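To start, the structure itself, in structure tokens.
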Amino acid sequence: MTNPLKNDKIGEIFGYQIFKGEIVSYFEQFMQANQAYVALHGKLNLPLKPKTRVAIVTCMDSRLHVAQALGLALGDAHILRNAGGRVTEDMIRSLVISQQQMGTREIVVLHHTDCGAQTFQNESFHEHLKHELGVDVSNQDFLPFQDVEESVREDMQLLRESPLIPDDVVISGAVYDVDTGSMREVC
């Protein structure tokens, strides 16, 4: 019987078997795949600072491959991800480090269609977590939204109003369509 975790797509592409033996977790699969990646990667010696001087704030959604969608290579940009691609206190912390230590001068807020953050409201999610985990998180805002373009505008505005983001930093926004791969600018 074939292990359902075994996925040798990289091996298929390059014409050799990567995964040997029985794999019992995705992490084990990732570690084996990484060995093949290292062979292809080589020693690039990329600089610490991103080449484009851009930081991208986006969602953790697995359907969004930011580098490929934007034509970025390793070392081109900082890609910061969280649920919904929302600008949070921790996202601003990362952006401050990106700008003040790594020299980025532009921020792109990139949300997407059919986002999981559009599927719930705080109140019902609070109740769900209380029931499932026995934890009261009624004071936690999980930043759900209904209108994806409006969420991009809100996050761009939070960045513009933050005293930690200099006024000369270029801030742009867009929505990525998960069905077509296309992007549309949000002003």
Semi-axes of the chain from the Cα gyration tensor (sqrt of 5 times each eigenvalue, largest first, whole Å) come to 32, 25, 16
In percent, what relative contact order does segment 19-93 have, based on Cα pairs under 8 Å that are 6 or more apart in sequence?
30
So which residue, out of Ser98, Ser162, Ser124, gets the largest mean-square fluctuation from a GNM of the chain using Cα contacts under 10 Å as springs?
Ser124
Based on the Cα coordinates of segment 81-187, what is the per residue volume of their convex hull in Å³?
120
Rounded to the nearest 500, the 222 nm mean residue ellipticity computed for the chain from DSSP H runs (n ≥ 4, each -39500 (n - 2.57)) alone is -10500 deg cm²/dmol
Per residue, in Å², the accessible surface of the chain once ligands and nucleic acids are set aside, probe 1.4 Å
63
Add +1 for every Lys or Arg and -1 for every Asp or Glu among the other residues with Cβ under 14 Å from the Cβ of Glu161, and state the total.
-2
With Cβ to Cβ distances under 12 Å as the rule, what net charge do the other residues near Val96 carry (K, R +1; D, E -1)?
-1
Most fluctuating residue given options Phe125, Phe145, Phe27, as computed from a GNM of the chain linking Cα atoms under 10 Å
Phe27
Name the residue, out of Pro50, Pro163, Pro144, whose mean-square fluctuation peaks in a Gaussian network model built on the chain with Cα pairs under 10 Å.
Pro163
Carbon and sulfur atoms account, in whole percent of the 1.4 Å probe accessible area of the chain, for 55
Report the paramagnetic label zone for Thr113: residues of segment 159-187 whose backbone N is under 18 Å from a point 7 Å from Cα along the Cα-to-Cβ axis.
174-187
According to a simple spin-label model (label point 7 Å from Cα along Cα-to-Cβ), what is the distance in nm between Val170 and Ser138?
4.7
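The values are calculated or read from the model by the stated rules, or taken from the named source; none is laboratory data. Being a predicted model, the structure only gives us computed values, none of them experimental. Cβ coordinates were reconstructed from backbone atoms using ideal geometry, including for glycine residues, and neighbour counts include every protein chain displayed. Accessible surface is based on the protein model in full, side chains and every heavy atom, while ligands, DNA and RNA are left aside. Shrake-Rupley method; radii C 1.70, N 1.55, O 1.52, S 1.80 Å.
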